[in-house]
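FYI, it's all coordinate maths here, none of it is from the lab. From a predicted model like this one, the values you see are computed outputs, not experimental measurements. As a convention, Cβ positions derive from the backbone with ideal geometry for all residues, glycine included, and neighbour counts pool all protein chains shown.
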Amino acid sequence: MKVSVIICAAGKGERAGLGKNKLLAPLYGAPVLYHTLKKFDLPYIDQLLITCSPEDREAFSAIAAPFGAILTEGGRTRTESVYNALKRASGDIVLIHDGARPFVTEKIIADCIDGVKEHGSAVCSLPSTDTTVIADGENVEYVPDRSKLFTVQTPQGFFTAKIKAAYDLAAESGKSFTDDCSVYTQYIAPAHLFTGDVCNRKLTYKSDFDAQYPAMNAACGQAIGIGCDVHAFGKAQPFVTLCGVKIPCDSGLIAHSDGDAPVHAVMDAILSAAGLKDIGHYFPDTDEKFAGADSIGMLKEAVSLALNAGYVPLNLSLTVQAEKPRLAKHIDRMVANLASACGLPRSRVAVSAGTCERLGFVGEGLGIAATAIVLMGRADAEKQN
Ligand code: MG
């Protein structure tokens, strides 16, 4: 039996307050949508459809292309978007999944398909752990029996013909539904539940993007990279730029770019872990384009190069050695800039700073040295092989 998957991605994700579709926000160095698609890039999935609003079409196309996924027209509501996508679904079975649930597991996907074959429908769900009440906004009206309460997630799987028939009737009625099991249960038959996993959470609010997550793609192999860089004092300017933060200093660092040695070390670590050439190859200091360049912008480009090679950052550790200036009070901003450029939660980035006890060129105050180590996950293992 052929299996189609519809990824719901046509919403605006306004509750995340990111000023753009939250599925384009980076998570472990790649857009959320990329991670979700990656999970469904399985030999027994025959067709991937993504509901997409017109303003996201260009950005989604680039993410969808490596997976051979098809973009379908988003509607005014989730119900309309899914209905449009169902018209393009060619599989005997269709799984409908929220784009904002990138932590779905292969076991959940397999259980969903098996559930459809056995019961005609399979809705990922969890028994409710909280007591849930029915209230009028202020006062409890009714306390349902918790043992009969379940929270419903995605994927939700159905025989394509049946769920299409349900959506035809929903379209005729003009009603809007929040998910597919509601449509199926209303027009066809009570949908069948199967037990999912608490890890399959939905990214809804901005804070969800800063939380600790299990490392993405951990099962696909990891790679470690190291990078070092040094820049000498001697430029007539009253500051140094370290991790994108301008820090007052009696001398600037001599460089073709902005001289951000810690960021250059991080870039080399990332390129190295991804099996690429070093920073000088991609950002040569003979190229006028990089004169005075903002190194944080170059770091973002290095992260893209690594993603194209199939790797995303998982965590980053950086140490900076400098006799001057004192860095302690700037560390938080340095961490924030690196985390943002690498698409990592701040909790996955660490920066330490120290002096060299007056020994060597750092100790004599002649320059600044930085060493970075990064752990990368292989985002695209199958395609590499
Ligand atoms: Mg450098």
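Remark on segment 245-385: hydrodynamic radius 15.7 angstrom, per the Kirkwood mean of 1/r across alpha carbon pairs. Both radii were evaluated on the Cα set of segment 263-327; the Rg over Rh quotient, with Rh as the Kirkwood radius, amounts to 1.00.
Orientation-averaged projection of the chain equals 22.9 nm² [convex hull of Cα atoms, one quarter of hull surface area].
Straight-distance candidates among the lysines for linking to LYS38, with alpha-carbon spacing under 20 Å and chain neighbours fewer than 8 residues away dropped: LYS2, LYS22, LYS107, LYS202, LYS383.
Ellipsoid semi-axes for segment 44-196, based on the Cα gyration tensor and the rule √(5λ), read 28, 19, 17 Å when sorted largest first. Using Cβ point charges alone (K and R +1, D and E -1), the dipole size of segment 216-331 about the Cα centre works out to roughly 340 debye.
Given H placed on each backbone N at 1.01 Å, which residues far from VAL123 in sequence or on other chains put an amide H within less than 5 Å of it? Amide H neighbours of VAL123, under 5 Å, 5+ apart: GLY157, HIS192, LEU193, PHE194. In the chain, the DSSP beta bridges split such that about 65 percent are antiparallel, to the nearest 5. Rounded, prolate or oblate for segment 324-364? Axes are the square roots of the Cα gyration tensor eigenvalues, ordered a ≥ b ≥ c, and the cut-off for rounded is a/c under 1.5. Prolate, since a/c reaches 1.5 and a/b exceeds b/c.
Of the residues ARG76, ARG57, the one with the fewest other Cβ atoms within 10 Å heads the list, and the complete ranking is ARG76, ARG57. Derived value for segment 110-259: Kirkwood hydrodynamic radius 21.2 Å. Basis is the mean of 1/r over every pair of different alpha-carbon atoms. A cut-off of 5 Å between modelled amide H atoms, ignoring neighbours fewer than 5 places along the same chain, links VAL5 with GLN47, LEU48, LEU49, LEU95. A Cβ-based charge dipole, computed about the Cα centre of the chain with Lys and Arg at +1 and Asp and Glu at -1, lands at about 180 debye.
Each Lys or Arg adds one and each Asp or Glu takes one away; over the other residues whose Cβ falls under 13 Å from the Cβ of PHE150, this sums to -1.
The ranking of GLU138, GLU58 by Cβ neighbour count inside 10 Å, starting from the fewest, reads GLU138, GLU58. Can you tell me which of PHE159, PHE40, PHE177 moves the most in a GNM of the chain? Springs connect C-alpha atoms under 10 Å apart. In this elastic network of the chain, the residue with the biggest mean-square fluctuation among PHE159, PHE40, PHE177 is PHE177.
The residue list TYR142, CYS342, THR132 was ranked by how far each Cα lies along the charge dipole of the chain toward its positive end, using unit charges on Cβ atoms, and TYR142 comes out on top.
Once C-alpha pairs closer than 8 Å and six or more residues apart are averaged by separation and normalised to the residue number of segment 28-86, the relative contact order reads 32 percent.
Projecting the Cα positions of TYR187, GLY244, ILE368 onto the charge dipole of the chain (unit charges on Cβ atoms of Lys, Arg, Asp and Glu, taken about the Cα centre) puts TYR187 furthest along the positive direction. Each of TYR34, TYR142 was scored by other Cβ atoms within 10 Å of its Cβ. Arranged with the fewest first, they read TYR142, TYR34. Using only the C-alpha atoms, the convex hull of segment 10-122 corresponds to 112 Å³ per residue.
Hydrodynamic estimate: the Kirkwood radius of segment 13-52 over Cα pairs, inserted into Stokes-Einstein at 25 °C and 0.890 mPa s, corresponds to D of 214 µm²/s.
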